[in-house]
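Notes for the one structure printed next.
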Amino acid sequence: MKMKKALLALAFAVPFSALADNQDQLVSKYTTLAGSKENATSLVAGLRDGKEVTLTRNGTTETFNPPTGKMGFGNIDNALAITQASLKEKGISDPTPAQLEAGVMDVLKQRAAGEGWGQIAQSYGFKLGDVKRSERAQSVAQNRAEKPEKPERPDRPERPEKPERHGKGR
């Protein structure tokens, strides 16, 4: 009983706005992959809630239900990162709704079968750490490019030489 109360208290300690931030961050991160903000929102929300995902573009609509049930934001990020990397590996940088659905469903079916994220990434020929690292590296590079350079420090003047000491007993 104490454990349930502690978990409940912890759940309410996390501000609800933090959940929205995570969802908004994932939507923003995967808008290009999904083809639109609406598709990315449907994808992230559908995976989060374990409910229907609808992807629409140029009059084409694809709908699917994730076989994994509800997923946390970290799991959603892993699933979409692996999907994105696997599509990119196939030369698909701007997937159609059908291609995106197929890519996501391939990853989710493996996860629903009990495979870990590392195993799933490995089945596509890469390591999850490499996929995640390359995302972080791109993000860091963008942040560095946006920061203005610091002005150079002026050279320090040279110190004057100290006169020799002439002490007694030395």
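The values are calculated or read from the model by the stated rules, or taken from the named source; none is laboratory data. Quantities reported herein were computed from a predicted structural model and do not represent experimental measurements. Counting neighbours? That spans all protein chains shown, and the Cβs are built from the backbone with ideal geometry, glycine included.
Could you give every pair whose Cβ atoms fall below 8 Å, whose first residue belongs to segment 84-112 and is under 13 Å from Leu43 (Cα atoms), and whose second residue is part of a loop (DSSP other than H, G, I, E, B) and of a type in the set (Gly, Ala, Ser), counting only separations of at least 6 or pairs across chains?
The qualifying pairs are Pro97/Gly35; Leu100/Gly35.
Report yes if Pro67 is touching a residue at least 12 places away in the same chain (Cβ under 8 Å), over 19 Å from Arg133 (Cα atoms) and crowded, with 20+ Cβ neighbours inside 10 Å, otherwise no. Outline the logic, then answer.
Values: touching a residue at least 12 places away in the same chain (Cβ under 8 Å): yes; over 19 Å from Arg133 (Cα atoms): yes; crowded, with 20+ Cβ neighbours inside 10 Å: no.
No.
Only one of these conditions is not met by Lys51: (1) more than 15 Å from Thr32 (Cα to Cα); (2) among the basic types (Lys, Arg); (3) part of a helix (DSSP H, G or I). Which number is it?
Answer for Lys51: the failing condition is (3).
Looking at (1) of a type outside the set (Phe, Trp, Tyr); (2) modelled with pLDDT under 95; (3) over 24 Å from Gly118 (Cα atoms), which one does Gly74 not meet, given that it meets all the others?
The one condition Gly74 does not meet is (3).
Considering each residue of segment 88-116, count those that are at pLDDT 95 or above and assigned to a helix (DSSP H, G or I), and give that number.
Final tally of qualifying residues: 16.
Return the only residue of Glu101, Glu52 being of a type in the set (Asp, Glu), surrounded by 13 or more Cβ atoms within 10 Å (Cβ to Cβ) and more than 15 Å from the chain's Cα centre (by Cα). Let's see the steps before the verdict.
Numbers: Glu52 fails: surrounded by 13 or more Cβ atoms within 10 Å (Cβ to Cβ).
After ruling out the rest, the residue left standing is Glu101.
Considering segment 70-84 alone, what residues qualify as being among the hydrophobic types (A, V, I, L, M, F, W, C) and buried (at least 21 other Cβ atoms within 10 Å of the Cβ)?
Of everything in segment 70-84, those that are among the hydrophobic types (A, V, I, L, M, F, W, C) and buried (at least 21 other Cβ atoms within 10 Å of the Cβ) turn out to be Ile76, Ala79, Leu80, Ala81, Ile82.
Is it the case, given these coordinates, that Glu38 is buried (at least 17 other Cβ atoms within 10 Å of the Cβ), of a type outside the set (Phe, Trp, Tyr) and not in a loop (DSSP other than H, G, I, E, B)?
For Glu38, the condition - buried (at least 17 other Cβ atoms within 10 Å of the Cβ), of a type outside the set (Phe, Trp, Tyr) and not in a loop (DSSP other than H, G, I, E, B) - is not met.
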